[in-house]
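Data first, discussion second: the structure below is written as structure tokens.
The values are calculated or read from the model by the stated rules, or taken from the named source; none is laboratory data. Small disclaimer: the values here were computed from a predicted structure and weren't measured. Please note: Cβ atoms are built from the backbone with ideal geometry, for glycine as well, and neighbour counts cover all protein chains shown.
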Amino acid sequence: MRGRQRTISGGLTISCVLTIACATTGGSSPEDTLAYVVPSPATAVYEIVDTAAVYVNSPVGALDIPTNSATTLSMTFEMDPRGVRATGSVERFAASMSNPMQGTLSADLGDVTGHLEMVFGRRGVEEVVSVPAVAGPAAQLAPFHHIANDLFPRLPAGAVDPGATWVDTVTWTIDDGTIETNSTTVYTHTLVGDTVVDGRTLRQIVVAGDVTNDAEIIQAGTTITQSLTGTATGFVLWDTERGLLAEAFFERELEGSMAMPGMAPFNMGFEGPVRVRLRN
């Protein structure tokens, strides 16, 4: 992975990506402050389910290509000079994509190598050190760069009241020789207030994102290019006591075009939900 950076509204730029939890000091966040802190216990397990429908209006007819992935990430946290270092191992992974023209492509835990390692500051990620990978044609099913960059929120600089908003621009790139993806999303976050889930008080943040995604995929010697724009909207539930994301949900709707050698560009789209839940 190369060239990742997160640009914060107001001119602050830091290299980064995933935000699962942490801060410059341990302990719980003040009740009126949203901040990543070292959780107690210093472990967390996240379930991430990503379900999408890709549709293509190709010269040979309309195609519906369902894709899905289910990931379990086990995270541990420790202090770092810049804040907190988080290390995650993939405990469970299953993904598939069904293309009527090419059959079903699938991957499981045996196809995953490496681990997720990140350094966090109080407002979010300072650096992504490493990301798990899936080798070969199934690499396009790997959700790990998306998880690292897009699924967890940047937090405001200090205490905020309900109705407060803040903006975060996230840009990331993948280039592993068979897939190159460039993604930029401008997220607007709005603090709604408190909500109670299973007897626990959580802070609810509404998220709206404008997405641009360009990709180049090499399959069997053929280069396929994609260009999509659209929205990602949803919410985040934040546990101030633990300083952890408790849940996140995003619905994505993207439209654009695909091009292959010897063919004129044709329309395509991508839509579907992704959900993140803290298991424990």
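Please return the ranges of strands (runs of 3 or more DSSP E) entirely within the stretch 208-280 where 1 or more residues are polar (S, T, N, Q), on the phi < 0 side of the Ramachandran plot and free of Cβ contacts under 8 Å to residues at least 40 places away in the same chain. Before you say what the answer is, go through the steps one by one.
Working: elements: 222-239, 244-259, 266-278.
Output list reads 222-239, 244-259.
Which is farther than 30 Å from Ala157 by Cα, touching a residue at least 12 places away in the same chain (Cβ under 8 Å) and touching a helix residue (DSSP H, G or I) at 6+ places or on another chain (Cβ under 9 Å), of Ala53, Ala107?
Ala107
Determine, yes or no, whether Leu202 is farther than 24 Å from His146 by Cβ and surrounded by 19 or more Cβ atoms within 10 Å (Cβ to Cβ).
No: the conditions fail for Leu202.
Which condition breaks for Trp172 when tested against (1) modelled with pLDDT of 90 or more; (2) in contact with an Asp or Glu (Cβ under 9 Å, 6 or more places away or on another chain); (3) closer than 24 Å to Phe77 by Cβ?
Here Trp172 clears every test but (1).
Take Ile217 and decide whether it is over 19 Å from the mean Cα position of the chain (by Cα) and either surrounded by 17 or more Cβ atoms within 10 Å (Cβ to Cβ) or basic (Lys, Arg) (or both).
For Ile217, the condition - over 19 Å from the mean Cα position of the chain (by Cα) and either surrounded by 17 or more Cβ atoms within 10 Å (Cβ to Cβ) or basic (Lys, Arg) (or both) - is met.
Got a number for residues in the stretch 180-207 being among the small types (Gly, Ala, Ser) and either within 17 Å of Phe250 (Cβ to Cβ) or outside any strand (DSSP E or B) (or both)?
2
Return only the number of the condition from (1) closer than 25 Å to Gln219 by Cα; (2) aliphatic (A, V, I, L, M); (3) within 15 Å of the chain's Cα centre (by Cα) that Met101 does not satisfy.
Among (1) closer than 25 Å to Gln219 by Cα; (2) aliphatic (A, V, I, L, M); (3) within 15 Å of the chain's Cα centre (by Cα), Met101 violates only (3).
Considering each residue of the stretch 55-78, count those that are among the hydrophobic types (A, V, I, L, M, F, W, C) and at pLDDT below 90, and give that number.
Result for the stretch 55-78: 5.
For the stretch 126-179, give me each residue that is in a helix (DSSP H, G or I), of a type in the set (A, V, I, L, M) and touching a residue at least 60 places away in the same chain (Cβ under 8 Å).
Leu141, Ile147, Ala148
Given Leu109, Leu155, which one is surrounded by 17 or more Cβ atoms within 10 Å (Cβ to Cβ) and at negative phi?
Details: Leu109 fails: surrounded by 17 or more Cβ atoms within 10 Å (Cβ to Cβ).
Just one listed residue meets the conditions, Leu155.
Considering only the stretch 179-201, I want to know if a residue exists there that is over 20 Å from Ala246 (Cα atoms), touching a helix residue (DSSP H, G or I) at 6+ places or on another chain (Cβ under 6 Å) and not acidic (Asp, Glu).
Taking the stretch 179-201 and keeping what is over 20 Å from Ala246 (Cα atoms), we get 179-186.
Those left that are additionally touching a helix residue (DSSP H, G or I) at 6+ places or on another chain (Cβ under 6 Å): 179.
Restricting the remaining residues to those that are not acidic (Asp, Glu) gives 179.
Scanning the stretch 179-201 turns up at least one residue that is over 20 Å from Ala246 (Cα atoms), touching a helix residue (DSSP H, G or I) at 6+ places or on another chain (Cβ under 6 Å) and not acidic (Asp, Glu).
Can you tell me how many residues within the stretch 120-139 are under 15 Å from the mean Cα position of the chain (by Cα) and under 30 Å from Thr104 (Cα atoms)?
Here is the first cut: in the stretch 120-139, the residues under 15 Å from the mean Cα position of the chain (by Cα) are 124-125, 127-128, 130-133.
Subsequent filtering for residues that are under 30 Å from Thr104 (Cα atoms) retains 130-133.
Within the stretch 120-139, residues that are under 15 Å from the mean Cα position of the chain (by Cα) and under 30 Å from Thr104 (Cα atoms) number 4.
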